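Only one structure is covered here, and it is reproduced in the block below.
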Amino acid sequence: MNLPSFVQLIDVGPRDGLQNEKQPVPAAVKIELVHRLEAAGLTEIEVTSFVSPKWVPQMADNAQVMAGLQRQAGVRYSVLTPNLQGFEAALQSKPDEIVVFGAASEAFSHKNINCSIAESMERFAPVVQAALAAGIAVRGAMSCTVGCPYEGDVAPERVGYLAKLMKQIGVQRVDVADTIGVGTPLKVQRAIEATLAHFDVAHICGHFHDTYGQALANTLAALEMGVWNFQSSVAGLGGCPYAKGATGNVATEEVVYLLHGMGIDTGIDLDRLVDAGAFISDFLQRKSNSRVATALLNKRAG
Ligand code: HMG
Ligand code: MG
């Protein structure tokens, strides 16, 4: 096994984690969550999305959340921008990175962003160009790289095709996302392999939802291929509103515990991360989805 010695984690909890929350989460709580993630040592945080508030009401306070952050040097704050309208709105918030988000399945592309894969590229291309011209980094999220809630299994060729399109429009790095958490290690490895035909391993992030409890196994499978960038969500928050039945991302606490246990550095303080997860779980009046957090909190209480 050729494992990396360091892994870069991007916490997507404030965005992917909270976007599907039915109860309103005040901007001040989202801001506090970001600050607590920073305090735990996260250096990349996906803060919010500049999408239609009719589609995703929870992200309607995007500009307010971005404006309320006390930014720290060395931390990268990213936001989702599906089109030029979203990008122009985001620009005023000075994100360090923007994320265009497409899908390997046509049906999911239509459900999530209301257009075909080809049309999505026409929308993304000017966003990518404008971002790069403004000195803002560009990531491309690729949904449904192993399975789609509407089309079922997704072939690696579809992933390769999407990765190629992302590369052609100038996207700098991509997320291989298992949107509904149906992937198992070999399927995830095939999706990553298809992506590697177009992107260097350093520019590929794993983004695994944990619906079927496979996300940690999938993380290990990606690590074995040399992938060293992963997205996860504190307390395992989340899910995509347009992916029926999908639960949250793998909990950041789980990934950190796994990596540290394998001697892989993340720069993250697990105890402070557990505090950040407890903060948002308390606000939502819900038990954390992280078993590591639950175990550590029980240990503290005992
Ligand atoms: P549309 O309806 O096709 O857009 O939506 P449109 O251009 O026809 O505009 C219709 C209306 O939307 C207009 O308003 C626009 O102003 C407004 P109206 O005149 O009706 O009042 N509008 C916007 N408002 C604010 N910000 C914008 C914007 N664009 C148009 N940027 C659109 C297309 C993409 C906007 C819509 O489908 C949308 O917002 N979708 C959001 C989907 C979303 O956020 N999904 C969750 C994030 S993706 C995810 O979770 C997956 C990921 O985690 C990876 C994985 O796990 O797979 C990343
Ligand atoms: Mg996601």
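The values are calculated or read from the model by the stated rules, or taken from the named source; none is laboratory data. On a predicted model such as this, the values are computed, not experimentally measured, just so you know. Reconstructed Cβ throughout: ideal geometry from the backbone, glycine too, with neighbour counts over all protein chains shown. Heavy atoms of the whole protein, side chains included, go into the accessibility calculation; ligands, DNA and RNA do not. Shrake-Rupley method; radii C 1.70, N 1.55, O 1.52, S 1.80 Å.
Numbers at a glance
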{"quantity": "Residue that is farthest from residue 96 (Cα to Cα), among those in region 139-171 that are away from ligand 1 (no atom under 16 Å from the Cβ) and small (Gly, Ala, Ser)", "calculated": "155"}
{"quantity": "Any hit, region 80-100, residues being open to solvent by 60 Å² or more (accessible area, probe 1.4 Å), near ligand 1 (Cβ under 8 Å from one of its atoms) and not in a helix (DSSP H, G or I)", "calculated": "no"}
{"quantity": "Enumeration of residues in region 257-268 that are open to solvent by less than 20 Å² (accessible area, probe 1.4 Å) and among the hydrophobic types (A, V, I, L, M, F, W, C)", "calculated": "259, 264, 268"}
{"quantity": "Residues (open to solvent by 20 Å² or more (accessible area, probe 1.4 Å) and assigned to a helix (DSSP H, G or I)) located in region 36-57", "calculated": "36, 39, 57"}
{"quantity": "Any chance residue 107 is modelled with pLDDT of 95 or more, touching a Cys at 6+ places or on another chain (Cβ under 8 Å), part of a helix (DSSP H, G or I) and surrounded by fewer than 17 Cβ atoms within 10 Å (Cβ to Cβ)", "calculated": "yes"}
{"quantity": "Region 1-24 residues that are over 25 Å from residue 140 (Cβ atoms), paired with ones that are not polar (S, T, N, Q) (beta carbon under 6 Å, 6 or more apart)", "calculated": "1/224; 3/223"}
{"quantity": "Per-region count, region 67-77, residues in contact (Cβ under 8 Å) with a residue 12 or more places away in the chain and either open to solvent by 60 Å² or more (accessible area, probe 1.4 Å) or over 22 Å from residue 8 (Cβ atoms) (or both)", "calculated": "6"}
{"quantity": "Some residue of region 14-32 being of a type in the set (D, E, K, R), within 13 Å of ligand 1 (Cβ to nearest atom), in contact with a strand residue (DSSP E or B) (Cβ under 8 Å, 6 or more places away or on another chain) and open to solvent by less than 50 Å² (accessible area, probe 1.4 Å)", "calculated": "yes"}
{"quantity": "Failed condition for residue 53, given (1) touching a residue at least 12 places away in the same chain (Cβ under 8 Å); (2) under 16 Å from residue 25 (Cα atoms)", "calculated": "(1)"}
